[in-house]
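Asks: Just dropping this structure here.
FYI, it's all coordinate maths here, none of it is from the lab. Owing to the predicted nature of the structure, the values given are computational and were not obtained by experimental measurement. Cβ atoms come from the backbone with ideal geometry, glycine included; neighbour counts cover every protein chain shown.
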Amino acid sequence: MKKITTPFWETKQLKELTHEEWEALCDGCGLCCLHKMQDEEEEDAPVVLTRVVCRCYDIKAGQCSDYPNRHEKVEGCTALTPDRAAEFDWLPETCAYRLRHHNLPLPSWHPLISGSRERVRLYGVHALDPVLETDDIDLEEYIIDP
Ligand code: SF4
Ligand code: SF4
């Protein structure tokens, strides 16, 4: 008989994860690297996503081009840490950190479950036909309809 063990992301709170476990929980979808907009004149206006991805994102490789230095390199690249989990509601609904903060299961395509990063491309930045950020880009032209 094979012993079935409960995976770490279901047995541990986000704050209890090791650094390696925390990093493994990120599915690499890249959706957090898309620029977002919010109507300043409307109170509690929803955050809307655009198809414009951070200039530091490598679209072909499907990942940040300078992950170790991302916070120094790009102003506004938010550090996701366990003690800030309550603020994660600006992240996409599929984000593993957001899901686990709300005690929700990871999707079947998450690499920790599927064992592969292949299917992430169907749900992440790649599926949205991303456009790389430039100095003069008009984000409003690239808002994604909710
Ligand atoms: S949205 Fe969440 S799961 Fe996706 S890349 Fe960003 S931090 Fe990782
Ligand atoms: S610096 Fe890297 S991790 Fe940060 S938003 Fe840009 S592409 Fe994403």
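Asks: Give the long-range amide H neighbours of L132: residues separated by 5 or more places, or on another chain, with amide H under 5 Å away, using H modelled in the peptide plane at 1.01 Å from N.
Replies: Long-range HN contacts for L132: V53.
Asks: Residues of the stretch 40-59 with backbone nitrogen within less than 19 Å of a virtual label 7 Å along the Cα-to-Cβ line of E75, please, listed as ranges.
Replies: 53-57
Asks: Give the relative contact order (percent, whole number) for the chain; include only Cα pairs under 8 Å separated by 6+ residues. Write out the running numbers ahead of the final one.
Replies: On the way: 165 pairs, mean separation 47.1, N = 146.
Reported as a whole number, the value is 32 percent.
Asks: Right, something else. Cut-off 19 Å, label point 7 angstrom out along Cα-to-Cβ of L139: give me the residues of the stretch 89-111 whose amide nitrogen falls inside.
Replies: Residues 89-93 fall inside that zone.
Asks: Using the Karplus curve 6.51 cos²θ - 1.76 cosθ + 1.60 with θ = phi - 60°, what ³J(HN,Hα) values do you get for each residue of the stretch 82-88, in whole Hz, with x for Gly and Pro?
Replies: So the Karplus estimates, Gly and Pro as x, are x, 6, 10, 4, 5, 8, 6 Hz.
Asks: From the square roots a ≥ b ≥ c of the eigenvalues of the alpha-carbon gyration tensor of the chain, which class results: rounded (a/c under 1.5), prolate (a/b over b/c), or oblate? List each step's numbers first, then the result.
Replies: Values: a/c = 1.84, a/b = 1.60, b/c = 1.15.
It is prolate, given that a/c is not under 1.5 and a/b is the larger ratio.
Asks: Okay, moving on. Could you go through the stretch 94-106 in sequence order and give the Karplus-derived ³J(HN,Hα) for each residue, using 6.51 cos²θ - 1.76 cosθ + 1.60 with θ = phi - 60°, rounded to whole Hz, and x for Gly and Pro?
Replies: 7, 4, 4, 5, 5, 4, 6, 4, 8, 6, 9, x, 6
Asks: Fewest first, what order do L104, L25 take by the number of other Cβ atoms within 10 Å?
Replies: Numbers: L104 11, L25 21.
The most exposed by this proxy come first: L104, L25.
Asks: What is the sum of charges, Lys and Arg at +1 and Asp and Glu at -1, for the other residues whose Cβ falls under 15 Å from the Cβ of T134?
Replies: Values: positive: R51, R55; negative: E133, D135, D136, D138, E140, E141.
In short, -4.
Asks: Given axes a ≥ b ≥ c from the Cα gyration tensor, I'd like to know whether the stretch 68-115 is rounded (a/c under 1.5), prolate (a/b larger than b/c) or oblate.
Replies: Numbers: a/c = 2.63, a/b = 1.57, b/c = 1.68.
Oblate.
Asks: Non-local amide H neighbours of Y57 (under 5 Å, H modeled in plane, Pro and chain starts lacking H): which ones?
Replies: So Y57 has HN proximity to S65.
Asks: So what J values fall out for the stretch 20-33 if you push phi through Karplus, 6.51 cos²θ - 1.76 cosθ + 1.60 with θ = phi - 60°, rounded to Hz, Gly and Pro as x?
Replies: 5, 5, 4, 5, 5, 5, 5, 7, x, 5, x, 5, 6, 8
Asks: Running a GNM on the chain with Cα contacts under 10 Å, which residue among E133, E40, E72 ends up with the highest mean-square fluctuation?
Replies: Result: E40 has the largest fluctuation of those listed.
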